[in-house]
Amino acid sequence: MDDVAHVEIDAESELELVRYLNILSTPTTLILDSHGREIGRAIGAPKRQQVIETLSAIRK
């Protein structure tokens, strides 16, 4: 998807951000809309299909 960005953040070096986002375990995947609002969260490694379905839902 050309309009989707994937960003990895090192939780250990970004503890303040981890606390702010209430991330309690890693990996945690946050799915944000174009305004930066959280619209989905997966604890553990999400399956590719889960991510695609979530992204497709917000495009409608």
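Values quoted throughout were computed directly from the atomic coordinates according to the rules given, and no laboratory measurement underlies them. Because the structure is a prediction, the values reported are computed rather than measured. Virtual Cβ from ideal backbone geometry, glycine too; neighbours counted across all protein chains shown.
List of remarks:
- Contour minus Cα-Cα distance for Leu55 and Tyr20 (0.36 nm per residue): 10.3 nm
- Pairwise FRET efficiency - Ile9 versus Ala45, Cβ, R0 = 22 Å, nearest 0.05: 0.90
- At q = 0.17, 0.24, 0.28, 0.33 Å⁻¹, base-10 log of I(q)/I(0) for region 15-59 (Debye sum, equal scatterers on each alpha carbon): -0.51, -0.90, -1.07, -1.21
- The chain: calculated mean residue ellipticity at 222 nm from DSSP helix runs of at least 4, using -39500 (n - 2.57): -8500 deg cm²/dmol
- When only Cα pairs below 8 angstrom with a gap of at least 6 residues are kept, region 19-60 shows a relative contact order of 32 percent.
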